[in-house]
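Heads up, the thing below is written out as structure tokens.
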Amino acid sequence: AVRAGGEERRFLALVSHEIRTPLGGLLGFLELLQKTELSEQQRQYLSPMQAAAELLKHVINDVLDYSKLQEGKITICYVLGSIHGIVRNTVEIFRAAAESKGLTIGLQISDRVPQQLRVDPHRIQQMLCNLVSNAIKFTSSGSITVKALISSSSLGAAMVRLDVVDTGIGMPEGVKGRMFNAFSQADESISGKYGGTGLGLSIVKSFATLMGGSVGFQSTEGQGSNFWFTVPLLCPLEIGMPEGV
């Protein structure tokens, strides 16, 4: 059974990789097309094409990362980077998707969050994107807010917490215990109505655990949800922590 599971994961990774290569070319040409002279109607056609291709890329990346996580082949690469920049960039990535549903999307970054920390910007943004994507998917009216704050700190280090708060459908009490399990959604009707692989939250939890952090959420059915993760990050001594941290 273990061998069969490993072969299945490798097959999924191989197929996903083979799809991702031509998809990258498609996204590149769509971006080039966007820079040409187009009529208003053509631009209206192009926008959902790009959104659909980006969604497919997101799904493929989740499958690839899930396979790598199961094989223990994911590594965290820390570089000097900005949580501020990651949050702002993530909000801009999803602004069009949110506004197309009539949602407002914004951010709140605490003054206590240092301008630069040692982070894995790719993984942090991927985790945040998974949470924002879910929030938009399950919210039909209202708002999405991405928050960054410091939950605790010590000399030269900070526990950074990133929250995604929505005014969406929320969740009933009975399903909350399995939300971070792979391939899990609130109930069978969710995947049929909203789509998705059910891997996003599992990947967020796995990455947070690899970084020494944690995940959690609060949700009220019919009112919305707040999903969050924490990661411990080092602050270079020459930069120092902001006052009060």
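All of the numbers you see were taken from the coordinates with simple rules; none came from a lab. Just so it is clear, the model here is predicted, and its values are computed rather than measured. Every residue, glycine as well, gets a Cβ built from its backbone with ideal geometry; the counts of neighbours run over all protein chains shown.
Summary table
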read-out: For the range 79-234, size of Cβ-based charge dipole, Lys and Arg +1, Asp and Glu -1, in debye; value: 260
read-out: Where trypsin sites (Lys or Arg not before Pro) fall in DSSP loop in the range 19-95, at most 12 other Cβ within 10 Å; value: Lys35, Lys73
read-out: Listed pairs Lys35/Lys68; Lys35/Lys57; Lys35/Lys147 exceeding 25 Å between Cα atoms; value: Lys35/Lys68; Lys35/Lys147
read-out: Reference-scaled alpha-carbon Rg (2.2 N^0.38 Å with N residues) for the range 1-134; value: 1.27
read-out: Among Leu23, Gln70, His58 the positive-end extreme of the charge dipole of the range 2-71 (Cβ point charges); value: Gln70
read-out: Relative contact order of the range 2-71, defined on C-alpha pairs under 8 angstrom at six or more residues apart (%); value: 57
read-out: Taking N as its residue count, the alpha carbon Rg of the range 2-71 over 2.2 N^0.38 Å; value: 1.46
read-out: The range 79-234, relative contact order in percent, only Cα pairs under 8 angstrom and at least six apart counted; value: 24
